[in-house]
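Where a number appears in this text, it was derived from the coordinates with a stated rule and is not lab data. Everything numeric here is computed off the predicted structure, so don't read it as measured data. Neighbour counts run over all protein chains shown; Cβ positions are idealised from the backbone, glycine included.
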């Protein structure tokens, strides 16, 4: 991996993308962008409020727009869990980076999320977290250049696993 390539983290909400992203950026001496925080800052609203006001389809369009506007180099990017719904955004992110899927089994996602209803998770009305995971898993797998199975790993171990996966000499 060269210094100008981005490292783009994808995965379910609660998989650790934001936390691992900060630690990974520190380990690589790179900038960090959390696209959920970027959207909130630019829109002046929490993700949950945006979802409630605009609905899932409009939120996905908004997310796609912000992802397509990203032009960083040598940056660690944590995407929102729903970023994979946009083939255009994924292709854009792949052109300048390596996509790393942080895979975590559903039971552990549930445990980490707690009250998922207030987390700004893009899903259809009445859709369960299990149904959402089943729907998204093939998308994460399709777009991932590398997959890190995070079960049983703490954040530092996940960072070490990502670094090893990015190093062609490993």
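Structure data summary
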| quantity | calculated |
| --- | --- |
| By average C-beta atoms within 10 angstrom, highest first, the peptides 23-29, 129-135 | 23-29, 129-135 |
| The chain, helix-only ellipticity at 222 nm - DSSP H runs n ≥ 4, -39,500 (n - 2.57), divided by all residues, nearest 500 | -15500 deg cm²/dmol |
| Extended-chain gain in nm, criterion 0.36 nm per residue less alpha-carbon gap, residue 149 and residue 108 | 13.6 nm |
| Potential extension, residue 61-residue 160 segment - 0.36 nm per residue separation minus Cα distance | 32.3 nm |
| Per residue Cα convex hull volume in Å³ - calculated over region 6-166 | 100 |
| For region 6-166: relative contact order, % (alpha-carbon pairs under 8 angstrom, 6 or more apart) | 36 |
| Normalised contact order of region 83-158, rounded percent, pairs of Cα under 8 Å and 6 or more residues apart | 50 |
| For region 120-149 and region 26-68, distance of Cα centres in Å | 17 |
| Most to least packed among 72-85, 42-55, 1-14 [average Cβ atoms within 10 Å] | 72-85, 1-14, 42-55 |
| Cβ-derived FRET efficiency at R0 22 Å, residue 5 paired with residue 142, nearest 0.05 | 0.65 |
| Relative contact order, percent, region 31-118 [alpha-carbon distance under 8 Å, six or more residues apart] | 33 |
| Antiparallel DSSP beta bridges within the chain, percent to nearest 5 | 0 |
